[in-house]
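These notes concern the structure reproduced below.
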Amino acid sequence: PRNHCSLVTAGNQMFVAGGLYYDEGSQEEPLSSFFLQFDPLDCDWLGMPPMPMPRCLFGLGEADNAIYVIGGKELKEGEETLDSVMCYDRNTFKWGESDPIPYEVYGHSVVSHKGLVYAIGGKRKDKKCLKKLCVYNPKKFEWKELAPMKTGRSLFGAAVYKDKIWVATGVTDSGLTATVEVYDIDKNKWEDMAEFPQVRSSMSLVNLTDQLYAIGGFTLAQSESGELTPNEVDDVWKYDADKKEWLGILKELPYASSATFLPVRLNILRMTKM
């Protein structure tokens with residue numbers, strides 16, 4: 001299913017949440033959402049308790065043995081932008097409500113770092129892009145707003161790299177962007193970095209073995225009629241920290257359309273089904 005989110009916990013556990021699907025046979029609950037965990041030994045996905053409220057375009061974070069589903073859009077009764085946060089307790093295997101984010105948001109990114117959960121950008125219910133950066137401390141049960149980004153954006157890539165939060169490309173109020181910003185957590189300050197070579201949305205930004213990769217997304221391509229239309233790409237780029245530039249390393253990932261990309265450590269010798 002599409003419209004899903006995914007994460008790898010600090011303990012190297014892989015989860016996928018969301019992916020709306022419509023059940024014509026259920027009049028009371030036609031919309032549902034997946035919540036899956038990957039079992040590396042059986043090389044299979046395990047069905048976990050589904051999210052209580054189906055939603056899309058949300059953010060997914062983790063801290064202290066809990067997984068947080070933050071904001072997004074609820075489609076059960078019309079289309080509503082959410083500020084609610086659902087929390088999955090990995091010890092009890094149960095869902096509950098957590099402290100709501102201070103504003104309604106969808107299309108944002110969420111990263112987790114050192115026991116804190118950061119929500120970045122996104123769109124308000126009036127479809128205006130946000131510059132906001134907000135951090136949740138589960139030990140204090142509170143959200144706190146931090147220095148905003150320079151450019152409001154949604155549907156962008158985000159990752160923690162060298163203890164800083166990187167955001168790249170995305171959708172702005174004026175269209176797609178190639179800009180890249182980096183947030184210094186210690187200084188509570190944003191700075192511009194080398195632009196990505198192409199404007200994109202929905203690009204994945206991944207930190208793997210202390211290397212930063214940009215994967216896939218959508219760009220604009222000119223059709224035969226001359227109109228600019230969204231075009232999905234599935235290439236891979238790597239950030240060269242010494243040269244401060246993006247380098248293309250793979251033109252195409254087979255079978256990667258609408259995929260989700262995660263940095264995870266797996267022992268392939270024990271994965272007998274691969």
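Only one of the listed residues (A17, A10, A66) is at pLDDT below 80 and assigned by TED's automatic domain parsing to the domain that holds L133. That residue is A10. M48 satisfies every condition listed in (1) at pLDDT below 90; (2) over 24 Å from N137 (Cβ atoms); (3) touching a Leu at 6+ places or on another chain (Cβ under 9 Å) except (1).
Looking across segment 151-186, the residues that are among the hydrophobic types (A, V, I, L, M, F, W, C), in contact with a Leu (Cβ under 7 Å, 6 or more places away or on another chain) and closer than 26 Å to V8 by Cα come down to A158, A159, W166, A168, V171.
All of (1) loosely packed, with under 13 Cβ neighbours inside 10 Å; (2) at pLDDT below 95 hold for L247 with one exception: (2).
In segment 70-94, how many residues are touching a Ser or Thr at 6+ places or on another chain (Cβ under 9 Å) and of a type in the set (A, V, I, L, M)?
Taking segment 70-94 first, the residues touching a Ser or Thr at 6+ places or on another chain (Cβ under 9 Å) are 70-74, 84-87, 90.
Adding the requirement that they be of a type in the set (A, V, I, L, M) leaves 70, 85-86.
Matching residues across segment 70-94 total 3.
Restricting attention to segment 132-161, the residues that are of a type in the set (D, E, K, R) and either touching a His at 6+ places or on another chain (Cβ under 6 Å) or in contact (Cβ under 8 Å) with a residue 60 or more places away in the chain (or both) total 1. Does segment 166-175 contain any residue that is at pLDDT 95 or above, part of a loop (DSSP other than H, G, I, E, B), over 18 Å from the mean Cα position of the chain (by Cα) and at negative phi? Scanning segment 166-175 turns up at least one residue that is at pLDDT 95 or above, part of a loop (DSSP other than H, G, I, E, B), over 18 Å from the mean Cα position of the chain (by Cα) and at negative phi.
If you go through segment 114-131 and keep only what is closer than 25 Å to A10 by Cα and either free of Cβ contacts under 8 Å to residues at least 40 places away in the same chain or crowded, with 19+ Cβ neighbours inside 10 Å (or both), you end up with K114, V117, Y118, A119, I120, G121, G122. The number of residues in segment 165-180 being crowded, with 23+ Cβ neighbours inside 10 Å and of a type in the set (S, T, N, Q) comes to 1.
A residue that is among the aliphatic types (A, V, I, L, M), in contact with a strand residue (DSSP E or B) (Cβ under 9 Å, 6 or more places away or on another chain), modelled with pLDDT of 95 or more and closer than 28 Å to D240 by Cβ occurs somewhere in segment 119-142. Residues of segment 64-87 that are assigned to a loop (DSSP other than H, G, I, E, B) and surrounded by fewer than 23 Cβ atoms within 10 Å (Cβ to Cβ): D64, N65, L75, K76, E77, G78, E79, L82, D83, S84.
Summed over segment 88-113, residues that are surrounded by fewer than 21 Cβ atoms within 10 Å (Cβ to Cβ) and within 17 Å of the chain's Cα centre (by Cα) total 3. Out of curiosity, is D192 among the acidic types (D, E) and at pLDDT 95 or above? So D192 fits the description; yes.
Select from segment 146-158 the residues that are closer than 20 Å to G72 by Cβ and of a type outside the set (D, E, K, R) and write down the one among them that is surrounded by the most Cβ atoms within 10 Å (Cβ to Cβ). Among those that are closer than 20 Å to G72 by Cβ and of a type outside the set (D, E, K, R), it is F156. A single member of E97, E104 is assigned to a loop (DSSP other than H, G, I, E, B), at pLDDT 95 or above and among the acidic types (D, E), and it is E104. Is there a residue being outside any loop (DSSP other than H, G, I, E, B) and small (G, A, S) anywhere in segment 176-185? Checking segment 176-185: at least one residue is outside any loop (DSSP other than H, G, I, E, B) and small (G, A, S). Please determine whether any residue of segment 156-163 is on the phi > 0 side of the Ramachandran plot, in a loop (DSSP other than H, G, I, E, B) and not assigned by TED's automatic domain parsing to the domain that holds L228. No, the conditions are met nowhere in segment 156-163.
The values are calculated or read from the model by the stated rules, or taken from the named source; none is laboratory data. Keep in mind that this is a model prediction, so the values were computed, not measured. Backbone-built Cβ (ideal geometry, glycine too); neighbour counts: all protein chains shown.
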